[in-house]
1. Of the residues B:A313, B:A297, which single one is closer than 18 Å to B:G263 by Cα, among the small types (G, A, S) and without any contact (Cβ under 8 Å) to a residue 40 or more places away in the chain?
2. Limited to the range B:252-278, what total is found for residues that are touching a strand residue (DSSP E or B) at 6+ places or on another chain (Cβ under 7 Å) and open to solvent by 10 Å² or more (accessible area, probe 1.4 Å)?
3. When residues of the range A:158-178 are filtered for being closer than 24 Å to A:D113 by Cα and either in contact with a Gly (Cβ under 7 Å, 6 or more places away or on another chain) or acidic (D, E) (or both), how many remain?
4. Can you tell me which residue is farthest from B:R382 (Cα to Cα) among those in the range B:336-372 that are outside any helix (DSSP H, G or I) and open to solvent by less than 30 Å² (accessible area, probe 1.4 Å)?
5. Any residue that is more than 30 Å from B:I356 (Cα to Cα), open to solvent by 10 Å² or more (accessible area, probe 1.4 Å) and at pLDDT 95 or above - is there at least one of those in the range B:14-24?
6. Looking at the structure I just gave you, is B:R15 away from every other protein chain (no Cβ under 12 Å) and free of Cβ contacts under 8 Å to residues at least 40 places away in the same chain?
7. Of these, B:E76, B:E41, B:E69, B:E85, which one is surrounded by fewer than 17 Cβ atoms within 10 Å (Cβ to Cβ) and either more than 14 Å from every other protein chain (Cβ to nearest Cβ) or under 19 Å from B:K332 (Cβ atoms) (or both)?
8. Somewhere in the range B:123-132, is a residue more than 14 Å from chain A (Cβ to nearest Cβ), more than 17 Å from the chain's Cα centre (by Cα) and assigned to a helix (DSSP H, G or I)?
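The values are calculated or read from the model by the stated rules, or taken from the named source; none is laboratory data. Please read these numbers as outputs of a predicted model, since none were measured by experiment. Virtual Cβ from ideal backbone geometry, glycine too; neighbours counted across all protein chains shown. Heads up: the accessible areas ignore ligands, DNA and RNA and are worked out on the full protein's heavy atoms, side chains in. Shrake-Rupley method; radii C 1.70, N 1.55, O 1.52, S 1.80 Å.
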Amino acid sequence: MRIVVLTKPVPDPASGGERLGPDGRLDRSNSPAVVNGNDEYVLEKALKLIEAAGEGEVILLTMAPDNGPETMRKALAMGATRGVLVTDPAIAGSDTVATTRIIAAALQTLSFDLVFAGVDTSDGVAGVVAPGVAALTGMPYLSYAASIEPDEGARTVRVKRITADGYDVLEAPMPALISGTQALGEPRYPSLKGIMAARSKEITTLTLADLGIDPGTVGLSGALTKVVDSRPPAARGATKVVRDAPDEAARQIVELLAERRLI
Amino acid sequence: MAQVTSASRAQGLFRLTDEQEMLRDAVRVLADDRVAPRAAEIDRTAEFPEDMRRLLADHDILALPFPTEHGGLGGELLTVCLAVEQLSRACATTGLILAVQELGSLPITLAGSDEQKARWFPKLASGEQLIAFALTEPEAGSDAAAARTTAMRDGDDYVIDGSKRFISQGSVADLVVVFAVTDADAPRHQRLSAFVVEVPRDGFQVTRVEHKMGIRGSPTAELAFTKLRVPAADRLGEEGEGWSIAMRTLDRSRPAIAAQAVGIAQGALEVATAYARDRQQFGQRIGDFQQVGAMLADMDAGTEAARQLLYKACVEIDAGAPDASRWSAMCKLVAGDTAMRVTTDAVQVLGGYGYIDEFPVERMMRDAKITQLYEGTQQIQRLVIARSLLGKGD
């Protein structure tokens, strides 16, 4: 089985260095890049499925500036087989529509049974690229997966989709695109052997020309959306933390809510 | 033109590679989760932590110093030191398991034949076997060239007689690298040869395991050799090369002790900082009192300075610096003294709580002391540095 995992380098949310640039966009130079958290959960699931199957490949697909390989190495160290990096100076400033088209085009160059993506990314939090890619490539889209069970013989995949009051069971033919969250389980820490092996794993680079995409239709100039204004969220007011035993804590919280006439 | 401080190709700045950062973080997570909770008990029982050896083996940490063609991970000296540092931050005894595995295998790395490496490295890299480095004798410590243990050629064998003292992991090792006199009449630095002794075997005896102040889980043994036969094929390098092998080994192994020292200092700094943040006296955090805050600041600055010198030394030594001895001596000197000072101050920050075993800093202070003593005392390190500055003159 072959699983492509869409992975995106994002500014490390733990670094505290996220700033807006003068153009109102995120200034990525201020914080170190890491693999997007939700992508790590689906990657972990992909690795587990391949390990359980005893054969197959996990292929990373990343669209990023030319420093992309730095974060891809960590995902390769976790156990992914190889990586494909789409990078081109003309991509800078692309909106979600352009990103969707580029990733869909890159997917067409690969053969696979399943595509996994994090349900959204911690920098943009749009969550529209994965369903967009599914739409452009004509694949079924199964979202918010809490479990993923492929049946290679029947060429189908079944997922539990988290809903507000439980879960739905969805089944679709392969190939399919599945988005997931932390409900899939904690990502592994790379082993030393995995880290050293990642050194020699292959990362193929694709440019817009390789994908047959006109540079004028992507990037800032091709964007259908425009950043008009952006600002950091307002600072939160003082936080009260209740650290007492559950019963006592619950009583205090109810009291607090009642005081404010929220219940 | 004034002499530059770096004589190697590794001039100027260095930075950790992404790979080294990942390795360091992987070891740190393991050290926090699995090693730190065992540290106090290892110190209290003073028993070799077989579970920690297994842990390091299972996670390929013991494979770091060995070449990939013999089952290792081919880590650079800096990578090995990053691992020793992170382990020692949690438990100095556990960090020493890796440091000694590297120390003991360096003579094979430096002087062993391909056949010898293929024979011994795979089981050392997997952690199935441990190795010890036996140079010091009761009457030959700093003056190691004065060793009295002899190895007499007898047909295809050598017969070794004598004893070695203060041998780290000497009682748990499967291989012991023994330095013995093969030609008593040769010039001082050509008297010794190095042998790999597979133990247990006839004529080998562990005669004592020391009761120590620190690194209590790491057995420090006295070894006796009585008419012990070793095949000539197990000699490393040429006859008379032993002293040179031992000195080149120490040039590369001292950074691992510096890494142990930096790790201990960092561990103590973290405990002291957390304590100074939590502990309230006179209605405020004790860290907010200037005298305590200043101590923490000095501890942090000193630890970071020692760490940067260590990393730089590793890069210089790996680049083949002609003054490798100087770099390795400098980093161990600075890191060992820093660890002693920082751990002593950590005990001071914790006050009475620092002096009891409810907190780990008293253990760290005891553990730190050894880094000023082994693999050459601080006085020997200064001697090495001064000689490098002045030229040997002979």
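1. Details: B:A313 fails: without any contact (Cβ under 8 Å) to a residue 40 or more places away in the chain.
Exactly one residue qualifies, and that residue is B:A297.
2. Going residue by residue through the range B:252-278, those that are touching a strand residue (DSSP E or B) at 6+ places or on another chain (Cβ under 7 Å) are B:276-277.
Subsequent filtering for residues that are open to solvent by 10 Å² or more (accessible area, probe 1.4 Å) retains B:277.
Within the range B:252-278, residues that are touching a strand residue (DSSP E or B) at 6+ places or on another chain (Cβ under 7 Å) and open to solvent by 10 Å² or more (accessible area, probe 1.4 Å) number 1.
3. The total comes to 2.
4. Step one: of the range B:336-372, the residues outside any helix (DSSP H, G or I) are B:356-360, B:371-372.
Going one step further and asking which of them are open to solvent by less than 30 Å² (accessible area, probe 1.4 Å), we end up with B:371-372.
Working: B:T371: 14, B:Q372: 12 Å.
It comes out as B:T371.
5. Let us first name the residues in the range B:14-24 that are more than 30 Å from B:I356 (Cα to Cα), namely B:14-24.
Remaining after also requiring open to solvent by 10 Å² or more (accessible area, probe 1.4 Å): B:14-22, B:24.
Those left that are additionally at pLDDT 95 or above: B:24.
Yes, some residue in the range B:14-24 is more than 30 Å from B:I356 (Cα to Cα), open to solvent by 10 Å² or more (accessible area, probe 1.4 Å) and at pLDDT 95 or above.
6. Values: away from every other protein chain (no Cβ under 12 Å): yes; free of Cβ contacts under 8 Å to residues at least 40 places away in the same chain: yes.
Here the answer is yes, as B:R15 does meet what is asked.
7. Working: B:E76 fails: surrounded by fewer than 17 Cβ atoms within 10 Å (Cβ to Cβ); B:E69 fails: either more than 14 Å from every other protein chain (Cβ to nearest Cβ) or under 19 Å from B:K332 (Cβ atoms) (or both); B:E85 fails: surrounded by fewer than 17 Cβ atoms within 10 Å (Cβ to Cβ).
Only one candidate passes the filter, namely B:E41.
8. Going through the range B:123-132, the residues more than 14 Å from chain A (Cβ to nearest Cβ) turn out to be B:123-124, B:128-132.
Pick out the ones that are also more than 17 Å from the chain's Cα centre (by Cα) and you get B:123, B:128-129.
From the residues that got through so far, the ones that are assigned to a helix (DSSP H, G or I) too are B:123.
Scanning the range B:123-132, I find at least one residue that is more than 14 Å from chain A (Cβ to nearest Cβ), more than 17 Å from the chain's Cα centre (by Cα) and assigned to a helix (DSSP H, G or I), so the answer is yes.
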